[in-house]
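The values are calculated or read from the model by the stated rules, or taken from the named source; none is laboratory data. A quick note: this is a predicted structure, and the numbers were derived from the prediction, not measured. Because the Cβ atoms are built from the backbone with ideal geometry, glycine has one as well, and the counts that use them run over all protein chains shown. Remember, those area values only see protein heavy atoms, side chains included, never the ligands or the DNA or RNA. Shrake-Rupley method; radii C 1.70, N 1.55, O 1.52, S 1.80 Å.
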Amino acid sequence: MSQSVLIDRAICLPAPEIAALMEGRAIATITPVFLRPGQQFALYPTDFKQILPLEQFYRGNFVSVARNSLAKLTDETVTVEVWVKCEMCQAIALGAGATAPIAPTNELEILSRLTVWTELALEKIIAEKGHFFLTYLRVYYLPEIVKMLSGETRNFVSLPQSVQVTKIKPILSDKLFTKRYQQLQNRQLPLHPELEELLAKIAQLNHLSTSQLANQISHFLGWKSQIKAKKDRLLDPELAWIKNIAIFGNRSDEKEEKKSNYQAGTDFEQVVHQALQFLGFGVDPDAKGGAGGMDLYCTTPYPLVGECKAGKSIPDSTAEQLYRIGIRHLGKEVYESAAKLIIGSGKPTKYLQESAQKAVISIIKPMTLQKLVELEAKFPGSVNLMELKPYLEAGQIDSRIDEYIQKVLTDIKLRSQIVQLVKNINDDLVNVSMIYAIYNYSNPPIRLNQEELQEILIELSSPLAGYLGRKKDSNGSRFYFLRDLHVD
C-alpha cells in the first residue's frame, strides 16, 4: 500500500509549464529556487512572466496549450490539481567563471527540443539571471482539486489546509518516467520530432475523432502512460453520447421532456451525424434534414446519402423520399453512385423492402450503428470504412454489419495474441522467422504464412500503433515488445 504524506504548501510556476507537466509532455521545469531531491509540493499556476512574447518563449508545438492554460487564469480562483516530488535539480549556466555547471551552447538546443522552451528563451533566461534551475519532477494527482485565490506572485504559497496524498495516481508510470528521466539527463534527442509537430496540428482541430489520434500519438511519444483498459473507455464522459444513438432512434414523442416528434427526429439526426463523423466519414454539415432537405450526406471516403427515421415505423415512402431529395441536391450521377442508407428502428414494410432491393438501399437499426461506434470507441481505428463498404448491401443488413464487427474483433484478437507471443519470448530483439516458428507451434486460431505474419508485425510496430518496436538492419526486421493490446 502506498505510504501517505502531508502536503501543506505549493510552489508557484507558470500555468503553461504546469500544463506541460500534467500532460506528461514534460518531466522537468525551471523553478525559481534550487530544490533538494525528495522535497514535495503542490503546483500553483501563475501568469506568464513576459521575458519574451509567448510565441518566442515556448516551442511552436506548445504555444496553443500555453495560451489556453493562461486563459484560465482570468477567474478569481485557480485550481491546484497535482503535487510533485523533486527527483533532481540542476543549475544550468553559460560563460566563464560560472559557479553552476557550464552548458555548451548546443546543450541549450538539445534542452529546448526535450522541453517546452525555445532555445532563445533559455539563452534569454541565462543572460538575465546568469543561470537557471532545471528541476526534474515526478507528478501525481491530488485526491481532490484545491481551489485557491488567484494572483499569487511569491515562490511558495500555503495551501488552505494540509492535504494527505499518496503516489497511487502518477501522471506517468514508473517505467515511463524512468525512461524519460534518463533521456533528459543524458540529453538524448527526441526520436520522433515529426510526430510532435503532427500532434500540435491535430490538437488545434479540437474534434473528437482527432482527439483519439492525439491520444495515440501521445502514448507513443511517451507523454502518457498506457491507454485505459478498453472496458473503461465507454465510461468516459466524452463518449456518453454513444448510448443515445439507440435511445434517440427508438423514440418518436418525448412528452415527459416536452419534445415534439419533429424535435425527437432532429435529436436522432444529430446523433447519427456525430456517430458517422466519429467513424471517420466526412459529414456534410449543411445536410440537416427539415422540409425538403437531406437528413444525411457524407462526402468521404465515399459518397453516402441517408435518411434517419426515429420512432416505431419506417414509412413506405422513405425510399422514394431518399431518391427525390438526393437527386434534387446531388444530381442523378452523384446520387446513383453513392451508397444509400436508411437508419430506423421500425420494421420496414414489404413495399419498402422491395424498393430497397431495387434501388440498392441499405437499412440498419440504430443499435447496429451504435455497435459500430462502440467498436471504434473501444479500439480506435478498427473500423475501416473502405472494408465496411461491401457490407452495405441492399435491404435490411444488420446481420451483415454484425458479421463485419465479428471479423474486426477476430482480427484484433489475433493481433493481441501476436503481441503477447512477442512479449513471452522475453528477448530484446527477435526476428520474423523465430516469431513465425513459435506462432505455428502455439496452435494459432488462424493460420498465417510468414509474409502475412510479417505484415501484421510491421502494422503493430507502426508509430500510431506502438504495440511492438521494430529495428531494421542488414539481416532484416527484428521486433520487441512495447505494450499490451487489451481485448477484454
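Taking 0.36 nm per residue of separation and subtracting the Cα-Cα distance, full extension of the segment from E455 to N475 would add 5.5 nm. For the peptides 411-424, 297-310, 431-444, the ranking by packing is 297-310, 411-424, 431-444, with the highest mean count of neighbouring Cβ atoms within 10 Å listed first. Taking 0.36 nm per residue of separation and subtracting the current Cα-Cα distance, fully stretching the chain between Y441 and M88 would add 122.2 nm. A Förster radius of 25 Å combined with the Cβ-Cβ distance from E23 to K423 puts the calculated FRET efficiency at roughly 0.35.
Each label point was placed 7 Å from the Cα along the Cα-to-Cβ direction; for Q270 and K413 their separation is 3.9 nm. Between the beta carbons of I145 and R324, assuming R0 = 60 Å, the FRET efficiency works out to 0.65 to the nearest 0.05. Each principal axis of the Cα cloud of segment 267-341 was evaluated for its coordinate range; sorted largest first, these ranges are 30, 29, 18 Å. Determine the sum of side-chain charges near V334: Lys and Arg each +1, Asp and Glu each -1, restricted to other residues whose C-beta is under 14 angstrom from that of V334. Summing Lys and Arg as +1 and Asp and Glu as -1 gives 0. For the peptides 174-181, 476-483, residues were scored by their other Cβ atoms within 10 Å and the scores averaged per peptide; the highest-first order is 476-483, 174-181. Taking the protein heavy atoms of segment 5-130 in the context of the full set of protein chains, the accessible area attributed to carbon and sulfur is 51 percent at 1.4 Å. Local charge for Y181 was computed over the other residues whose Cβ lies under 9 Å away, with Lys and Arg +1 and Asp and Glu -1, and equals +2. Among residues other than L448 with Cβ under 14 Å from its Cβ, the summed charge is -2 (Lys and Arg +1, Asp and Glu -1).
Using the average count of surrounding beta-carbon atoms within 10 Å as a protection proxy, the listed peptides 152-163, 37-48 rank, highest first, as 37-48, 152-163.
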